[in-house]
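What follows is one structure encoded as structure tokens, with my remarks underneath.
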Amino acid sequence: MGPEELLRRLDRRLSFLTDGPRDLPARQQTLRSTIAWSHDLLDNPQRRLFVRLGVFAAGFSLEAAETVCGDDAGPMVLDGIASLVDKSLVRTDDPLHGQPRFTMLQVVRDFALEQLDAMGEAERLRRAHADYYQGVVIAAESTLRRDPGPVIEQYRADLPNIRATLRWSLEVKEGGRVARMAIAMWPFLWIVGLLSESVEVVQQALLDERALSAAERAHARLGLGMLAFGQGDYERAAPALETAIDLYTQLGATRHVATALVPLGVIRAVRDPNGGEDLLAQAADTFRELDDQWGLAFASLNLGGALLLHHRYADAIPHLEESLQHARAVKADVFLSNALINLGWVHHWLGDVEAARARLREAVKHAAVPDNRESLGRALEALAAVTVTAGEPELAATLFGAADGVRRSIGAGVWMTDRASHDQTVAQLRTQLGDTAYAEATDRGRSLTVDQMLELTSAG
């Protein structure tokens, strides 16, 4: 078979690899037979644990296995997993924060899932799995706002299981679970740039909005609004945020109201400077009263950004500096990098090229370390604009192409607040380089790795 046909058939992993060499034992002639032979050698408690572990979408922690798969009738989960590792049915994975993790080969997991369905435990195990990862997501929300590094690593490791939880919740019409997870997850999804797929998941949860409680409707609307805003889809974000504010106001959820006011203030600031700035100032005041540094970093960043949008550069600086202060305190790199980007733009428009470059290079570093591609694209594009002004159009076009490549990698567009400067940079580069040289330089930029981007922006 050719590669294309092999690839097509690998979707049916267990049934594809059949009729092996006839001189091998029967158990080794097919992939299914090999796995089934190993499975049949297990005693009943080990077999039950093996089948239950198939519910995990990818790697899992010992705690997750004990919570989801353990019961009083079987052996200790750790002992059972150790035995399955010895028999090559489970594999050890890289530990995370000193805690052991395990995984299964996909073909082994497929076999385990078949047995799980046959055993009649699939529904119970999937619900236990969903309950566990919902709990992980919700518990991580407050930690994400205080010390995001370890939480982001944990999120990344658990992401396949979180995705599986969201998919299953939609399948069984549990949109409330999706809403509760969305409100806790949106900051993480912003950081890692998983916006497009998440918007669609939350949108599906709202298809049967009558089945949701008032709080769940508010959570789903805020989650949708925040994710769509992060993606630059303001037409979808604005009505969701407005509805969330109305619902949260009725529920007396002050912090959530302030959170929704921030992106809505930015959206309105594009059309109504005074109205948008008033909403942002209101949000900042609320977070200040609540002594919420994370929220204040968020609100001050966007208030400064709105003032920047309206060419009030001197007025923007204290708000952006305040955002920097709070973002550094709570290690919120997503706000820190964007505050640096906006300060870079301020210095650029005030004519201080070197100050602008310094801020934007710092922004690139803070966006690249947690792989926050949304911010990285903004930082690279702003640095491209400054580099044009500095008289280096070819380097600027390369940076501009790198920014475009980063955004494409996560399906993001140019933020509405950045579109005027984006169009201006394109026009300057095309004028100075010509269409052919511009296309070549931007293509080079799109092919750069993140390490190459860091090396390119650290020069000078």
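Tabulated data
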| item | result |
| --- | --- |
| Mean separation of Cα contacts under 8 Å (6+ apart) over length of the stretch 318-382, as relative contact order % | 32 |
| Accessible area per residue in Å² at 1.4 Å probe, computed on the stretch 147-196 | 32 |
| Point-charge dipole on Cβ atoms (K/R +1, D/E -1) for the chain, about Cα centre, debye to 20 | 620 |
| Among Gly175, Pro150, Leu194 the positive-end extreme of the charge dipole of the stretch 132-223 (Cβ point charges) | Gly175 |
| Carbon + sulfur, % of accessible area of the chain - ligands and nucleic acids excluded, 1.4 Å | 51 |
| Viscosity 1.002 mPa s, temperature 20 °C, Stokes-Einstein D of the stretch 200-250 from Kirkwood C-alpha radius, µm²/s | 201 |
| Relative frequency of Cα-Cα separations exceeding 42 Å in the chain, percent | 28 |
| Ordering of 110-116, 450-456 by burial proxy (mean other Cβ atoms within 10 Å per residue, highest first) | 110-116, 450-456 |
| Cβ crowding within 10 Å averaged over residues, with 343-354, 184-195, 430-441, 49-60 ranked highest first | 49-60, 184-195, 343-354, 430-441 |
| Size of electric dipole in the stretch 246-331: Cβ of Lys, Arg +1 and of Asp, Glu -1, about Cα centre, debye, nearest 20 | 260 |
| Selection from Ser421, Val388, Leu376 lying farthest towards where the dipole of the stretch 314-460 points positive, charges on Cβ | Leu376 |
| Nearby aspartates and glutamates by direct alpha-carbon distance to Lys331 (threshold 18 angstrom, same-chain neighbours under 8 apart not counted) | Glu141, Asp147, Glu153, Asp291, Asp292, Glu321, Glu322, Glu362, Asp371, Glu374 |
| Prolate/oblate/rounded label for the stretch 234-323 (Cα gyration tensor, a/c 1.5) | oblate |
| Accessible area (Å², per residue) of the stretch 305-387, counting only protein heavy atoms and a probe of 1.4 Å | 33 |
| The stretch 301-420 - charge dipole about Cα centre, Lys and Arg +1 at Cβ, Asp and Glu -1, debye rounded to 20 | 240 |
| Accessible area of Thr286 in the full protein assembly, 1.4 Å probe (Å², nearest 10) | 20 |
| Accessible area per residue, Å², the stretch 394-460 with all protein chains present, probe 1.4 Å | 50 |
| Computed over the chain: relative contact order in percent, which uses C-alpha pairs under 8 Å that are six or more apart | 9 |
| Span per principal axis, largest first, for the Cα atoms of the stretch 145-188 (Å) | 34, 18, 9 |
| Dimensionless Rg/Rh of the stretch 167-323 - Kirkwood Rh, Rg from C-alpha atoms | 0.99 |
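The values are calculated or read from the model by the stated rules, or taken from the named source; none is laboratory data. Quantities reported herein were computed from a predicted structural model and do not represent experimental measurements. Glycine gets a Cβ as well: all are built from the backbone with ideal geometry, and neighbour counts include every protein chain shown. Only protein heavy atoms, including side chains, enter the accessible area calculation; ligands, DNA and RNA are left aside. Shrake-Rupley method; radii C 1.70, N 1.55, O 1.52, S 1.80 Å.
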